[in-house]
1. R112: open to solvent by 20 Å² or more (accessible area, probe 1.4 Å), at pLDDT 90 or above and either assigned to a helix (DSSP H, G or I) or acidic (D, E) (or both), yes or no?
2. When you scan the range 216-249, how many residues do you find that are under 24 Å from the mean Cα position of the chain (by Cα), charged (D, E, K, R) and over 25 Å from L287 (Cα atoms)?
3. Taking L169 as the residue in question, decide whether it is hydrophobic (A, V, I, L, M, F, W, C) and free of Cβ contacts under 8 Å to residues at least 60 places away in the same chain.
4. Under 17 Å from Q305 (Cβ atoms) and open to solvent by 10 Å² or more (accessible area, probe 1.4 Å): is that true of E104 in this structure?
5. Can we say A200 is of a type in the set (A, V, I, L, M), touching a Lys or Arg at 6+ places or on another chain (Cβ under 6 Å) and at pLDDT 95 or above?
6. Write out, first by first residue and then by second, each pair whose Cβ atoms fall under 8 Å of each other, whose residues are 6+ apart or on separate chains, and whose first residue, in the range 332-353, is over 25 Å from V70 (Cα atoms) while the second is acidic (D, E) and crowded, with 16+ Cβ neighbours inside 10 Å.
7. Can you name the condition, by its number, that L169 falls short on among (1) within 23 Å of G82 (Cα to Cα); (2) touching a Cys at 6+ places or on another chain (Cβ under 8 Å)?
8. Hey, any hits in the range 250-266 for a residue that's within 24 Å of the chain's Cα centre (by Cα), surrounded by 18 or more Cβ atoms within 10 Å (Cβ to Cβ) and closer than 21 Å to C302 by Cα?
Amino acid sequence: MQSAAGNAAVVQRLRQEGHSWAQAEHRHGAGCGHGIVQRAPASRVVQRAPAERTVSAKAKARLGKAAAAVNYVKSEAIQNSGNQQDPLASTLYNSAMRMAVMRENAFWDLSRVPGQPSPSDLTAAKAGWAHGGNCGENAAVAFAYLRKFAPGEHLRKASTAGLDHAFVLIGSNDEQDHEWAVADPWPTKAKACLWDEHFAYTNDRSKINVEEEMDADGADTVDVLQGLIGLNAAGEKVAKWSLNDFKKQTLDSLGAVLAKAGIAMDPSLDKGQAVLKGLQQVAGSNLADVLSWSDDQLWLWCVSQVERSVLDRVLQAGEPKPEMVHDGINEARRAAGGKFWVWNHSDTTRAGAERTHVTGASGVTAAAPVTTDDDAMDIS
């Protein structure tokens, strides 16, 4: 170790003295002064815009508001989206459990909620307790945040026709697309962007489906609802469940728990198929009476929500690891022909559209990055 440190010190000194053979290997990049050859697929050429994009003061301000909404959702509400692969692996399926809790009223005590609250407000309030969901829940929390902290802005919780994905648009209908900002916390590396940079972008406004819209009025209805709701005992247990609770299980132990919960094993099937059939029966249970379930029944229900290809790997190893979740999900995706409920989506912008936004002297937003339709995401 001392020898390595000494060699490093010598090389560093030689570099400082200008010996060319001691210089670090050069890597081309922005600002290095050397030309960079970029190759696009032979079938199409995509013109890439510069790294900076000049935007109007209005657009820049909206980007700041969108960024604040995204940061709030990621830090305070939904840290891990339940249908994103990386969070599923890193949380060992806990993010999926929290999404399930979000969506099942059977896991909640809503007895003190008066009347019929806004579904979007109720969803945002639930997120403060369960910390789970996918794009719809992320958008609901962002919408509520912007209603409170972006007064005067026109807000729309929206999606694009043919694309099952929700996000929030900031901007009025009488403005151009490049003046609208998007708050979309769902991607794993979410950041604020302009509408014409977003992966769901369409320049045909008739294809923008608006679920909810309003001029932000500074009101906070979500905090009030959060104080009136809560997870019940079953919801609390499910929201804490992960594959760590599945350690050291075997087909025999699973069969024993199924039998204890009153689920008969089919003797005509081999052990693995009989256990799978039992879990499928549990998965289809009516949650209306979940509060009367035993701990074994609730545990089995959680197990039944995990892909079989993931369970198989954990059963074989005896202890769960993130790579088992990745491998199991990839196997299930292949078996489903590529269309699958789990996504692995990190970027908010469509390919080639990510930019650093600066305000120019003209106060006018520059043209959008030039991309093709192939750069848009298809999650339909």
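The values are calculated or read from the model by the stated rules, or taken from the named source; none is laboratory data. Since this is a predicted model, take the numbers as computed values, not measurements. Glycine also receives a Cβ, built like all others from the backbone with ideal geometry; neighbour counts cover every protein chain displayed. Surface accessibility is based on the protein's heavy atoms, side chains included, excluding ligands, DNA and RNA. Shrake-Rupley method; radii C 1.70, N 1.55, O 1.52, S 1.80 Å.
1. Values: open to solvent by 20 Å² or more (accessible area, probe 1.4 Å): yes; at pLDDT 90 or above: yes; either assigned to a helix (DSSP H, G or I) or acidic (D, E) (or both): no.
No: the conditions fail for R112.
2. Count: 1.
3. Numbers: hydrophobic (A, V, I, L, M, F, W, C): yes; free of Cβ contacts under 8 Å to residues at least 60 places away in the same chain: yes.
It is true that L169 is hydrophobic (A, V, I, L, M, F, W, C) and free of Cβ contacts under 8 Å to residues at least 60 places away in the same chain.
4. On the way: under 17 Å from Q305 (Cβ atoms): yes; open to solvent by 10 Å² or more (accessible area, probe 1.4 Å): yes.
For E104, the condition - under 17 Å from Q305 (Cβ atoms) and open to solvent by 10 Å² or more (accessible area, probe 1.4 Å) - is met.
5. Numbers: of a type in the set (A, V, I, L, M): yes; touching a Lys or Arg at 6+ places or on another chain (Cβ under 6 Å): no; at pLDDT 95 or above: yes.
Answer is no for this residue.
6. Cβ pairs passing all conditions: A332/E307.
7. (2) is the only condition that L169 fails.
8. Of all residues in the range 250-266, those within 24 Å of the chain's Cα centre (by Cα) come to none.
Within the range 250-266 (the criterion being within 24 Å of the chain's Cα centre (by Cα), surrounded by 18 or more Cβ atoms within 10 Å (Cβ to Cβ) and closer than 21 Å to C302 by Cα), the answer is no, since none of the residues qualifies.
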